[in-house]
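Asker: First the structure, which I've put down as structure tokens, then a few questions once you've had a look.
Nothing in this text is a laboratory measurement; each read-out follows from the coordinates by a stated rule. What you are looking at is a predicted structure, and each value in this text was computed from that prediction instead of being measured. Because the Cβ atoms are built from the backbone with ideal geometry, glycine has one as well, and the counts that use them run over all protein chains shown.
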Amino acid sequence: MVTATARARAEAMSWLKVGVISGILAGIVYIVYEMVVAELTGEGLLMPLRRIGAMSLGPDVLSPTAPVTNAVIVGIILALVLSIVYGVTVSLTVAGISYFQENARLLVGATTLWAFLLYLVNYFFWGRTFWPWFFQSNSFWQFLGVTVFFGTVLGLLLAERKHLGGR
């Protein structure tokens, strides 16, 4: 016989798993979007990953003479780790609010709004405080990327959680 506690634990683990997978997938979509925009605007395909890598390695990796490889590798890792954290955060929040689970449109809308708030905090507080190089690119494209190509995608993936190993 399965207890209520065991059932709740299994449900939470299911949401955790879906949050990790959704976060990774939405993060990949976002990274690809940022890279395409950077290439089209003349910044170079790898500049978004270099900027993210510079969050850990420091702004020296953004120099045109700096080796690209380390910054790109660190950028990929950091972007995916943050995407997982954000995916799990949203997923576990959704797990606790049954109305989001029952209404895919509301879930996608709320996740998009959450991503907009994430954009405001990350770029206009953390970015201005610690990583000003993020303002070297057009903030409209960053807003669109975080809100739509991460947030909306994350919401769509969470709405389809059964296909991602959820219950």
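Asker: Sort out for me the Cα centre separation of the stretch 21-49 from the stretch 70-107, rounded to whole Å.
Answerer: 17 Å
Asker: Semi-axes of the equivalent ellipsoid of the chain: what are they in whole Å, largest first, if each equals the square root of 5 times a C-alpha gyration tensor eigenvalue?
Answerer: 33, 16, 13
Asker: Could you give the length gained on full extension between residue 113 and residue 32, defined as 0.36 nm per residue of separation minus the Cα-Cα distance, in nm?
Answerer: Extra length available between residue 113 and residue 32 comes to 27.0 nm.
Asker: Among 20, 8, 55, which residue has its Cα furthest toward the positive end of the charge dipole of the stretch 1-60, with +1 on Lys/Arg Cβ and -1 on Asp/Glu Cβ?
Answerer: 8
Asker: With θ taken as phi - 60° and the coefficients 6.51, -1.76 and 1.60, list the Karplus ³J(HN,Hα) couplings across the stretch 97-103 in order, rounded to whole Hz; mark glycine and proline as x.
Answerer: Karplus values, whole Hz, x for Gly and Pro: 10, 4, 4, 5, 5, 8, 10.
Asker: Still on this structure, please answer the following. Would you please give the FRET efficiency between residue 130 and residue 102, computed as 1/(1 + (r/R0)^6) with r the Cβ-Cβ distance and R0 = 25 Å, to the nearest 0.05?
Answerer: The calculated FRET efficiency here is 0.05.
Asker: Which value, in debye to the nearest 20, describes the size of the charge dipole of the chain about its Cα centre when Lys and Arg Cβ atoms bear +1, Asp and Glu Cβ atoms bear -1, and nothing else is charged?
Answerer: So the dipole magnitude of the chain works out to roughly 500 debye.
Asker: For the pair residue 39 and residue 138, how long in nm is the line joining their label points, each one 7 Å along Cα→Cβ?
Answerer: 1.7 nm
Asker: Using helices alone, what [θ] at 222 nm do you get for the chain, with -39,500 (n - 2.57) per DSSP H run of 4 or more residues, divided over all residues and rounded to the nearest 500?
Answerer: Rounded to the nearest 500, the figure is -22000 deg cm²/dmol.
Asker: Could you work out how much longer the chain between residue 63 and residue 92 gets when fully extended? Use 0.36 nm per residue separation minus the Cα distance between them, nm to one decimal.
Answerer: Length difference between fully extended and current span is 6.5 nm.
Asker: Using the 10 angstrom Cβ neighbour count as an exposure proxy, how do 73, 52 rank, fewest first?
Answerer: Listed from fewest to most nearby Cβ atoms, that is 73, 52.
Asker: Are there any helices in the chain, counted as whole DSSP H runs, that stretch 27 Å or more along their axis by Cα and score at least -0.5 on average by Kyte-Doolittle, and if so which?
Answerer: TM-like helix candidates: 4-40, 68-95.
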